[in-house]
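Engineer: Sharing a structure with you now.
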Amino acid sequence: MSFIEYGDTIKDGDTAIVFLGHESMFPVKVQHGTVTQTKYGVIRHSMDLIGKKYGSKVTCSKGGWVFILHPTPELWTMNLPHRTQILYSTDISIITMMLELKPGSIVCESGTGSGSLSHALIRTVAPTGHLYTVEFHQQRAEKAREEFREHGVEHLVTVTNQDVCKNGFGVSNIADAVFLDIPSPWEAIGHAKAALKAEGGRICSFSPCIEQVQRTCLAMEEYGFTEINTLEILLRVYNVRTISLQIPDLGKAAEDNSSAGFDSSNPSNQGSPCTNLQQGAVQFKSGVPQREMVGHTGYLTFATKSLF
């Protein structure tokens with residue numbers, strides 16, 4: 001199993017996603033002789049999972065059922081164990097696009113955190129690119145290495161435990177893009193410039209506070225970065241519903257039908273607009289925004305390393 005290569009069959013040692021519903025799913029490490037408890041009963045890994053195809057519908061001991069899904073960076077973002085605050089798909093998608101990442105790209109990242117963005121970056125640059133990710137906290141760095149190894153992507157990522165503001169990324173003039181998610185990104189701008197290729201590259205900094213953005217933009221200007229701009233991404237979800245709307249009785253249609261001798265019982269008149277008017281209501285599909293939405297997550301500041 002690998003997060004970047006789809007496998008058809010569930011194997012011992014795989015990380016799979018147990019899907020109970022859109023609002024209820026969780027990851028599980030598949031192991032011989034192990035059982036997993038759900039609200040629908042027990043899942044026996046040896047009998048119910050190993051050897052089955054991903055996407056299979058599995059019946060639990062109480063008679064309920066779940067789906068077993070192949071892991072993806074998007075599913076991992078929704079289900080990973082949180083060691084830190086994480087980035088979600090809304091911000092990750094714009095980061096990947098604005099940094100102009102593609103297969104073969106070299107990316108530097110700090111900090112690794114829970115690995116949400118890291119998995120998406122790895123899939124984007126695979127199979128010939130590489131991610132150099134720096135984590136200040138030793139235990140988080142060790143856990144990230146372990147997860148990358150279990151997820152079959154360790155050959156595409158190098159995890160370093162150090163302070164990026166003091167020691168940089170450990171590489172020079174090789175990166176196509178740099179991403180910063182640290183408390184004081186302005187202190188790492190110089191190291192980011194050193195890590196980027198001599199012919200230029202892109203940088204992104206994620207900060208929750210506008211004061212951080214201001215200091216980061218000043219540092220970017222000081223180090224000669226150009227095309228500096230800041231974005232905030234807000235996702236608004238709409239539910240598609242069937243709406244029933246009463247048709248107002250304006251009087252004219254009824255008078256016209258009467259004068260023309262309109263007969264609603266005549267099969268030739270069935271389905272006409274006038275029939276709908278006789279019924280007094282019409283149904284149609286409409287998008288209705290949810291009452292609640294995710295608000296501010298952070299500001300994304302992008303810039304380009306100048307060639308001059």
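The values are calculated or read from the model by the stated rules, or taken from the named source; none is laboratory data. Keep in mind that this is a model prediction, so the values were computed, not measured. Cβ placement follows ideal geometry from the backbone for every residue including glycine, while neighbour counts extend to all protein chains displayed. Just the protein is used for accessible areas: all its heavy atoms, side chains included, with ligands, DNA and RNA removed. Shrake-Rupley method; radii C 1.70, N 1.55, O 1.52, S 1.80 Å.
Engineer: Would you mind checking which residues have amide H under 5 Å from S2's amide H? H placed 1.01 Å from N; only 5 or more apart, or other chain.
Structural biologist: G7
Engineer: Now a separate question. From the list [x] 27, 40, 21, 11, 1; [y] 32, 55, 13, 0; [z] 34, 62, 4, can you say which value of P(r) over Cα pairs in 20 Å bins from 0, in percent was derived from the structure given?
Structural biologist: [x]
Engineer: Let me ask another. What figure in square angstrom, to the nearest 10, would you give for the accessible area of R145 with a 1.4 Å probe?
Structural biologist: Ignoring ligands and nucleic acids, R145 comes out at about 90 Å².
Engineer: How compact is the stretch 151-219 by the rule of thumb for globular proteins, expressed as Cα Rg over 2.2 N^0.38 Å? Before the final figure, lay out the partial values.
Structural biologist: Numbers: Rg = 12.9 Å, N = 69, 2.2 N^0.38 = 11.0 Å.
Taking the Cα Rg and dividing by 2.2 N^0.38 Å, one obtains 1.17.
Engineer: Going highest first, how would you order 99-105, 126-132, 183-189 by mean Cβ packing within 10 Å?
Structural biologist: Descending mean neighbour count gives 183-189, 126-132, 99-105.
Engineer: Going by amide H atoms built from the backbone, whose H comes under 5 Å of the H on I106, apart from near neighbours?
Structural biologist: H130, D176, A177
Engineer: Hey, in the GNM for the chain with a 10 angstrom Cα cutoff, which one of Q139, Q212, Q246 fluctuates hardest?
Structural biologist: Q246
Engineer: Taking the square root of 5 times each eigenvalue of the Cα gyration tensor, what semi-axes in Å does the equivalent ellipsoid of the stretch 92-178 have, largest first?
Structural biologist: The equivalent ellipsoid of the stretch 92-178 has semi-axes of 19, 15, 11 Å.
Engineer: What's the angle, to the nearest 10 degrees (0 to 90), between helix 116-125's Cα axis and the longest principal axis of the chain?
Structural biologist: 80
Engineer: Given a 1.4 angstrom probe, what's the average accessible area per residue across the chain, in square angstrom? Each step should come with its number before you reach the end.
Structural biologist: Numbers: 16580 Å² over 308 residues.
Per-residue value: 54 Å².
Engineer: Cut-off under 26 Å on the C-alpha distance; same-chain residues fewer than 8 positions from K166 excluded. Which lysines are left, in chain and number order?
Structural biologist: In chain and number order, the partners are K143, K193, K197, K305.
Engineer: Roughly how far apart, in whole Å, are the Cα centres of the stretch 136-170 and the stretch 64-94?
Structural biologist: Centre-to-centre distance over Cα atoms comes out at 19 Å.
Engineer: Right, here's the next one. Helix 210-222 against the longest principal axis of the chain: what's the angle in degrees, Cα atoms only, rounded to the nearest 10?
Structural biologist: 50
Engineer: Same structure, new question: Could you run the Karplus curve 6.51 cos²θ - 1.76 cosθ + 1.60 with θ = phi - 60° over the stretch 223-229 and give me ³J(HN,Hα) per residue in whole Hz, x for Gly and Pro?
Structural biologist: Computed from phi, the couplings for the stretch 223-229 are 8, x, 6, 10, 6, 7, 8 Hz.
Engineer: Of K11, K29, which has the most accessible area and how do the rest follow, probe 1.4 Å?
Structural biologist: Of K11, K29, the descending order of accessible area is K11, K29.
Engineer: Another question, if that's okay. Between D181, D91, D48, where does the largest GNM mean-square fluctuation fall for the chain, given springs only between Cα atoms within less than 10 Å?
Structural biologist: Fluctuation is largest for D48.
Engineer: Mind checking which of D249, D176, D12 has the largest fluctuation in a GNM of the chain, springs on alpha carbons under 10 Å?
Structural biologist: Of D249, D176, D12, the most mobile in the Gaussian network model is D249.
Engineer: Output the antiparallel fraction of DSSP beta bridges having both residues in the chain, as a percent to the nearest 5.
Structural biologist: Of all bridge pairs located within the chain, approximately 65 percent are antiparallel.
Engineer: For K57, go through the lysines and keep the ones whose alpha-carbon is under 29 Å away, minus same-chain ones fewer than eight residues off.
Structural biologist: Within reach: K11, K29, K39.
Engineer: Right, here's the next one. Rounded to the nearest 500 deg cm²/dmol, what is the calculated helix-only ellipticity per residue at 222 nm for the chain, with -39500 (n - 2.57) per DSSP H run of length n ≥ 4?
Structural biologist: Taken over the chain, the calculation gives -7000 deg cm²/dmol.
Engineer: Toward the positive end of the charge dipole of the chain, about the Cα centre and with charges on Cβ (Lys, Arg +1; Asp, Glu -1), which of L117, L99, F148 goes farthest?
Structural biologist: Working it through, the farthest residue towards the positive pole turns out to be F148.
Engineer: Given a 1.4 Å probe and every protein chain left where it sits, what share in percent of the accessible area of the chain is carbon and sulfur?
Structural biologist: Solvent-exposed carbon and sulfur of the chain make up 53 percent of the total.
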